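Take a look at the structure below.
The values are calculated or read from the model by the stated rules, or taken from the named source; none is laboratory data. Note that the coordinates shown come from a computational prediction; the quantities given were computed from them, not determined experimentally. Reconstructed Cβ throughout: ideal geometry from the backbone, glycine too, with neighbour counts over all protein chains shown.
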Amino acid sequence: MKSSPVVDHVADHLKDGGALSDVDQRRFLVDYHTRYAGADDLFTVVSNENGEDSYAWLMKKVADQAALKPGSTIADIGCGSAYMIGQLEKLNIEANLVGVDPCEAQIQLANQSKYLPTTRFVEAFADNIAVGTASVDVITSHYSLMLLRPFSASLDEFARILVPGGKVLAVLPAPWSPAGNAIPAFSKLVTERMRRFYPSHPNVGVVNAECSSPDALTDAFADHGFQVSHDVKEYTLRGSAEEILEFVKLLYWFDLYPREYRDDFEVEMLQIFKDAADDKGIVVWGRSICFLAATKLA
């Protein structure tokens, strides 16, 4: 993985026992996605028991719950390189689509992929989106809600741009799934190794506290005038030990692992995945995913 002064700054701050501020978290995310623009598409390889990925699940919820009509506006928050926008374009409902992302490199990729004239992209953080008040019918979010900081201000902005009765439809990670016997050993290894470098923050991550559980997320939305429901499904990634390792290496926390120790760490992780493989060499990597539907009450 590529080196970065931003990562070095954040890592040094965390090693000294400091908390990850909203500003540093934002800088880290923009820096990461500048270096790895398009990496968000990796989640298309994670699917449920029916072979349906989490994008497809979210799209089904949009089709079932949004009651969209021509002229509707959908804003995809944390649109990345526009995979979700591309799926929305296929709905053929003559909707206005707005992709929102704070990373210029991602927006550039997104602009290369759009094919509807009613699709546009906005470079912005979620607490300051350049769209009109009460102008959006549906907000979608695929694996971005847990990254929004400051979270309360972002929800205020959601409430501002949504029409009364407008919806937020999102997927985000839930607590770890027991699926796949690699998870316990892997989690133990990661905690032990991260504790060496971040003794005050062994579970280094960039997730906001309000998304620590589906219940906490529900409470946060309710506090901002939304009626909320959520459910959780099990998803898995199936692949060789080497493929699972490459997936893991693209997760945010690994970017903060000191580069001079990564080779040994990768060897240890790979061995765990090999030990968990079945007789065909396939590893099952489990993940629980939360689907959230929040309706603006007024």
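Note on the stretch 216-225: among residues that are of a type in the set (A, V, I, L, M) and crowded, with 19+ Cβ neighbours inside 10 Å, the one that is farthest from Ala293 (Cα to Cα) is Ala220.
Here Val207 meets the list (1) closer than 19 Å to Phe151 by Cα; (2) surrounded by fewer than 14 Cβ atoms within 10 Å (Cβ to Cβ) almost entirely, failing just condition (2). Note on the stretch 92-132: residues that are part of a strand (DSSP E or B) and among the basic types (Lys, Arg) total 1. Against the criterion of being within 18 Å of Leu172 (Cβ to Cβ), surrounded by fewer than 20 Cβ atoms within 10 Å (Cβ to Cβ) and either touching a Ser or Thr at 6+ places or on another chain (Cβ under 6 Å) or in contact (Cβ under 8 Å) with a residue 40 or more places away in the chain (or both), Ser213 does not qualify. Going by what's in this entry, would Ile93 be described as surrounded by fewer than 22 Cβ atoms within 10 Å (Cβ to Cβ), hydrophobic (A, V, I, L, M, F, W, C) and modelled with pLDDT under 95? It is true that Ile93 is surrounded by fewer than 22 Cβ atoms within 10 Å (Cβ to Cβ), hydrophobic (A, V, I, L, M, F, W, C) and modelled with pLDDT under 95.
Just so you know, in the stretch 218-276 the residues that are part of a helix (DSSP H, G or I) and touching a strand residue (DSSP E or B) at 6+ places or on another chain (Cβ under 7 Å) include one that is farthest from His201 (Cα to Cα), and it is Ala222.
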